[in-house]
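Worksheet: the structure to be examined is printed underneath.
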Amino acid sequence: MRNDSTPLPLEGVRVLELGNYIAAPTAGRMLADFGAEVIKVERPETGDELRNWRLYAGSVSMLFHTVNRNKKSVALDLKEPRGRDIVLELVRHCDVVIENFRPGTLERWGLGPETLEGVNPDLVLARISGFGQTGPLAGRPGFAAVAEAMGGMRDLVGEPDRPPSRVGVSIGDSIAGLHAAFGIVVSLLRRSTAPGTERRPLAERVVDIALHEAVFSVMESLVPDHLAYGVQRRRAGGRMEGIAPTNAYPCLDGTSVVIAGNGDSIFRRYMHAIGRPDLADEPDLQTNAGRWARRDELDSAIEAWTGAHTRAEVLEALETAGVPAGPIYTAADICADEQYRARGMIQTLEVDTGSAQPAEIGFPGVVPVIGRSSLPLRSPGPGIGEHTGEVLRSLLGLDPEEIADAVHQEVRK
């Protein structure tokens, strides 16, 4: 268990986040969660657009708080010369810059990689975009929905007889953010282990993440199977193509469970648990290929059993048999689950919910777990420019008048 005096893994690392929406801020969140000082640069007055996404009440969305927790906010207009100059001064004091603007945007603002390197030769620059910084599509804008489609994911989500569907979260952005955070840590590790005073070329310190490539990277053997065997994967609803039996099954009480009984030894235990030892012993069901060929028959047998029992009864029987299974959780189920609670995966922060007084609201904990439980959250996402005065005074030595002039607004007291 971590105590308050134990340094966080990334303490001492300072990050300048120039991104909006989800992808770059997710990378910043990962680094901040583990102790990096992440300074988020936002537009004066309006800030990151994520502040208003899924805003049901109050002034700042829970989505913004979730993605921008543990950070500081500085309000600067990067299109203005003074804002640009201050960013360059901040870069001198940072280890990492993260951005997710359309390629060429930083360059137009006079903040391109060569300029940043000129003020900080050891800087790591993470650039997240729709299609990367090179190639024929580099200049095209891209959001997660497009990336999920072009990365191969969308074609596999949904029922086989209906058009492709979409996962209910911006999964492409989050995957890209995770890859960016990993790339940043790899680059920082390389810097710390470089012999002597060796300095890597700029190109080796630019972490280039394309949204569609990040999605493609988690598509398992989609392309190799196609090239090796001519396989064209198809949507399979709750199933996974070529793997059986694994699906969601309805129970007597109107709930559903997911059961993954596709391992060869697991399958035998599974069939005995549902009262079908005849299926457990059939020779052509001893391998995944044989079970996939008879997937409809197997699913029918399983549904007949789950449909005659409540969810609790189904899960108890399968746990006894050692068959992987679980309930399909809603947000309310997650909040009530003892496993989440035991590992600190729901942590409360005081935020504005639109009521007269701030409320203690649960947010996702820090993953991965280090030290037997999730690291504690330190603060919710900041107000727009909340730390402008603090950061510009402590790092750059600016006085209040200079700060006010830089951000075109009153200095936050």
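Rule-based calculations on the coordinates, nothing more; no lab input. The shown structure was predicted, so the numbers you read here are calculated from the model rather than taken from an experiment. When we count neighbours, we look across all protein chains shown, and the Cβ atoms used for this are built from the backbone with ideal geometry, even at glycine.
Can you tell me which of 370-377, 150-157 comes out highest on packing, and rank the rest after it, using the mean Cβ neighbours within 10 Å?
Working: 370-377: 15.4, 150-157: 19.4.
Packing proxy ranking, top to bottom: 150-157, 370-377.
I'm spelling it out carefully: the read-out is Rg and Dmax of the Cα atoms in Å, the candidates are [x] 20.8, 68; [y] 23.2, 80; [z] 25.2, 82, and one was derived from this structure. Which label?
After the calculation, the listed value that fits is [z].
Round to the nearest 0.05 the FRET efficiency obtained for GLU114 and LEU189 when R0 = 25 Å and r is the Cβ-Cβ distance. Present the calculation step by step, with values, prior to reporting the outcome.
Details: r = 24 Å, r/R0 = 0.96.
The formula returns an efficiency of 0.55 here.
Quick one: which residues, 5 or more positions from GLY58 or on another chain, have an amide H under 5 Å from its amide H? H modelled 1.01 Å from N in the peptide plane, none for Pro or chain starts.
For GLY58, the qualifying residues are GLY354.
With the crude spin-label approximation of a point 7 Å out along Cα→Cβ, what separation in nm comes out for ASP296 versus THR320?
Each label point lies 7 Å from its Cα, and together they span 3.3 nm.
Using θ = phi - 60° and the Karplus relation 6.51 cos²θ - 1.76 cosθ + 1.60, list the HN-Hα couplings for the range 214-224 in order, rounded to whole Hz, with x at every Gly or Pro.
Working through the residues one at a time gives 4, 5, 4, 5, 9, 8, 6, 9, 3, 6, x Hz.
Convert each backbone phi in the range 175-192 into a coupling constant with the Karplus relation 6.51 cos²θ - 1.76 cosθ + 1.60 (shift: θ = phi - 60°), then list the ³J(HN,Hα) values in order as whole Hz, x for Gly and Pro.
4, 4, x, 5, 5, 5, 4, 4, x, 5, 5, 4, 5, 5, 5, 4, 5, 6
So if we plug the beta-carbon distance of GLU313 and GLN232 into 1/(1 + (r/R0)^6) with R0 = 60 Å, what FRET efficiency do we get, rounded to 0.05? List each step's numbers first, then the result.
On the way: r = 40 Å, r/R0 = 0.66.
Computed FRET efficiency for GLU313 and GLN232 comes out at 0.90.
Under 5 Å between amide H atoms, partner at least 5 residues away or on a different chain: which partners does ALA126 have, H built in plane at 1.01 Å?
VAL97, ILE98, GLU99, VAL207
In debye, nearest 20: dipole of the chain around its Cα centre with unit charges on the Cβ of K, R (+) and D, E (-)?
Details: 44 positive and 57 negative charges, 89 e Å.
Dipole about the Cα centre, nearest 20: 420 debye.
At a Förster radius of 60 Å, what calculated FRET efficiency corresponds to the Cβ-Cβ distance of TYR56 and GLU402, to the nearest 0.05?
Working: r = 39 Å, r/R0 = 0.65.
My answer for the efficiency is 0.95.
With each label point set 7 Å from Cα along the Cα-Cβ vector, what nm distance links ASP85 and LEU156?
The modelled label-to-label distance comes out at 5.2 nm.
Note down the magnitude of the dipole of the range 137-195 about its Cα centre, charges +1 on Lys and Arg C-beta and -1 on Asp and Glu C-beta and zero elsewhere, to the nearest 20 debye.
On the way: 6 positive and 5 negative charges, 70 e Å.
The calculated dipole for the range 137-195 is roughly 340 debye.
For the pair SER165/ARG92, report the inter-label distance in nm, with labels modelled 7 Å from Cα in the Cβ direction.
Label at SER165, label at ARG92, 5.5 nm between them.
Applying the Karplus parametrisation 6.51 cos²θ - 1.76 cosθ + 1.60 with θ = phi - 60° to the phi angles of the range 239-255, what ³J(HN,Hα) value in whole Hz is obtained for each residue in order, glycine and proline being reported as x?
Once rounded to whole Hz, the list reads 8, 10, 4, x, 10, 8, x, 8, 5, 9, 10, x, 10, 4, 8, x, 8.
Sum -39500 (n - 2.57) across every DSSP H segment of at least 4 residues in the chain, then divide by the residue count to get the 222 nm mean residue ellipticity, nearest 500. Present the calculation step by step, with values, prior to reporting the outcome.
Numbers: 18 runs with 154 residues, N = 413.
That calculation yields -10500 deg cm²/dmol at 222 nm.
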